[in-house]
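A short worksheet on the structure shown next.
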């Protein structure tokens, strides 16, 4: 890799990445299988909701303005049964919550203010409410109920089911592959030799990919060997929509990834970003294929995924994602010496207060256990005083 290649601003990186990854491929799934997926088309109502005038509570269906002293009970209407008789003056039907109103009735008197005797209903109190859900008051035929780009959660699936949909069209999942590079990397459960470490990046990035809606088709460790990296990266880029590489993207003797990617025909758009942690971040494309090279330090990989990979991955999945940014007050002040890069610091945000946590730098992965947000400190800014109002990005 050329050591003199330009380091770009994070905003420039976002602009470049924003040109890629629009999702167009869709598939039709059974309703329950659509959980967590993104709608690829609007869902419009083919029926009214409610589909008939129905009782909002247990009671007696009567006609408004009928001031009779007593009402003859001519029918009992449970939910799911359509009425067989119409209501006339001095008549009522015993009705259950959710049951259709009979013809001639336009209100329900709740059971709590009534008594029954010898087949008649008598009022024992006052109920001025109508207690009726009117046909079509919630949804009318043709209404756009769920919009393209909406994630299918419990509420969305329930609404689609209430409209009679058993299948819906969603965007296909992004097929993602993940390679962790390094001869020193071992998977949990294996024995460590001197100088070796466990593959924390492979596991944390896997969860970030899965939580962002990706289909993780392959996860593997590849040693710092040019031939092996060339073969494994070539196969993964061919098979995956998005390839994520952790490590091997800096300027050391064993940082082989940038040159190998170029040999594989990947166009590298940038490989240095003025962000801390995460300066050696690479973004490349090969046709519609997306490749990210992330630093090896675990906090760096986590932060860069949140800043750059997640928004693109969400867009590739059809998701109209925007990071949740909130304002808060600094509990304590913050200072730094080096100001040439945009800095992101793990913090805890609660009830509008931003609390600094014990953070030793990009290798201090345990610090993320106490963090739920990232504090952004602009380039050129060396200090944030106590009480300063700033933005944090929730994670």
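Just how far, in whole angstrom, is segment 261-278 from segment 128-186 if you go by their alpha carbon centroids? Here the answer is 36 Å between Cα centres. Working ranking of peptides 173-179, 360-366 by packing, defined as the average number of other Cβ atoms within 10 Å per residue, highest first, is 173-179, 360-366. For segment 268-345, the spherically averaged projection of the C-alpha convex hull amounts to 6.8 nm². Take every DSSP beta bridge whose two residues both sit in the chain; close to 65 percent of them are antiparallel.
The slack between residue 218 and residue 97, meaning 0.36 nm per residue of separation minus the straight C-alpha distance, is 38.4 nm. Were the residues from residue 32 through residue 322 laid out at 0.36 nm apart, the gain over their Cα-Cα distance would be 101.8 nm. Angle of helix 226-239 to the longest C-alpha principal axis of the chain, folded into 0 to 90 degrees and rounded to 10: 20°. For the peptides 331-338, 302-309, 346-353, residues were scored by their other Cβ atoms within 10 Å and the scores averaged per peptide; the highest-first order is 302-309, 346-353, 331-338. Enclosing the Cα atoms of segment 325-394 in their convex hull gives a volume equal to 79 cubic angstrom per residue. Rounded, prolate or oblate for segment 1-98? Axes are the square roots of the Cα gyration tensor eigenvalues, ordered a ≥ b ≥ c, and the cut-off for rounded is a/c under 1.5. Cα axes put segment 1-98 in the prolate bin. For segment 54-133, just say rounded, prolate or oblate: build the C-alpha gyration tensor, square-root its eigenvalues into a ≥ b ≥ c, call rounded for a/c under 1.5, and beyond that prolate if a/b exceeds b/c, oblate if not. The shape class here is rounded.
Restricted to Cα atoms, the chain shows a radius of gyration and a Dmax of 30.8, 97 angstrom.
Computed FRET efficiency, Cβ-Cβ of residue 162 and residue 391, R0 51 Å: what is it to the nearest 0.05?
Result of the calculation: an efficiency of 0.85.
Relative to the longest principal axis of the Cα atoms of the chain, the long axis of helix 200-211 lies at roughly 30 degrees.
Packing here is the average count of other Cβ atoms within 10 Å per residue, and on that basis the peptides 29-38, 256-265, highest first, run 256-265, 29-38. Cα centroid separation, segment 204-219 to segment 51-90: 56 Å.
May I ask you to derive the relative contact order of segment 316-395, considering only C-alpha pairs under 8 Å and at least 6 residues apart, and to give it as an integer percent?
45 percent
Read-outs: derived from the displayed coordinates by stated rules, not from any lab. All values derive from a computational prediction rather than experimental measurement. Because the Cβ atoms are built from the backbone with ideal geometry, glycine has one as well, and the counts that use them run over all protein chains shown.
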